[in-house]
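What follows is a short report on a single structure.
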Amino acid sequence: MEQRVNIEKIQPEAYKAMYSLSAIVRRSSLTTIQKNLIMVRASQLNSCAFCLNMHTRDALKAGETQQRLFLLSAWKETDLFTDEEKSILALTEEVTLIHQDGVRDETYRQAARFFSPEKISEIIMSAVLINAWNRISVSTRKPLDE
């Protein structure tokens, strides 16, 4: 596929703002594994090849297992993820698919059982960020980093 518009070159200030938000999210108190679960799961839902390629590599380097990555799209059907991770994944999915039912009260209550309001805000902002990157990459057909 041929890349479409290169937003990084044409809208450098907007791209810098995205990188600034990325830096803030990167400094959050979420673990590297938690961040990668958010990035990979949202990218799966959005069919973003560029981000899937990047974040699965990052996850493997950070110690994530291949088996968990292989089964991430079926996380509800396995015991490979902790209850906390399942809560993060549920919240990530509902933020990503916000047009369907929003974030359900039950999903939010479940997250609040495990996480402080600060940590919940970090999960939400991580999901918002990767969704923005997914939309940029998919709509511009950003080529894979080989």
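Of note:
- Ranked by how many other Cβ atoms sit within 10 Å of their own Cβ, fewest first, the residues LYS86, LYS16 fall in the order LYS16, LYS86.
- Over the chain: helical MRE at 222 nm, DSSP H runs n ≥ 4 each giving -39500 (n - 2.57), nearest 500: -21500 deg cm²/dmol
- Each label was represented as a point 7 Å from its Cα along the Cα-to-Cβ direction; for GLN100 and SER20 these points are 3.4 nm apart.
- Point-charge dipole on Cβ atoms (K/R +1, D/E -1) for the chain, about Cα centre, debye to 20: 380
- Translational diffusion coefficient of the chain (Stokes-Einstein, Kirkwood radius from Cα pairs, 25 °C, 0.890 mPa s): 155 µm²/s.
Throughout, read-outs are computed from the coordinates displayed, never taken from laboratory work. Treat the numbers as computed from the prediction; the structure is a model and nothing was measured. With ideal geometry, Cβ positions are generated from the backbone for all residues, glycine too; neighbour counts draw on all protein chains shown.
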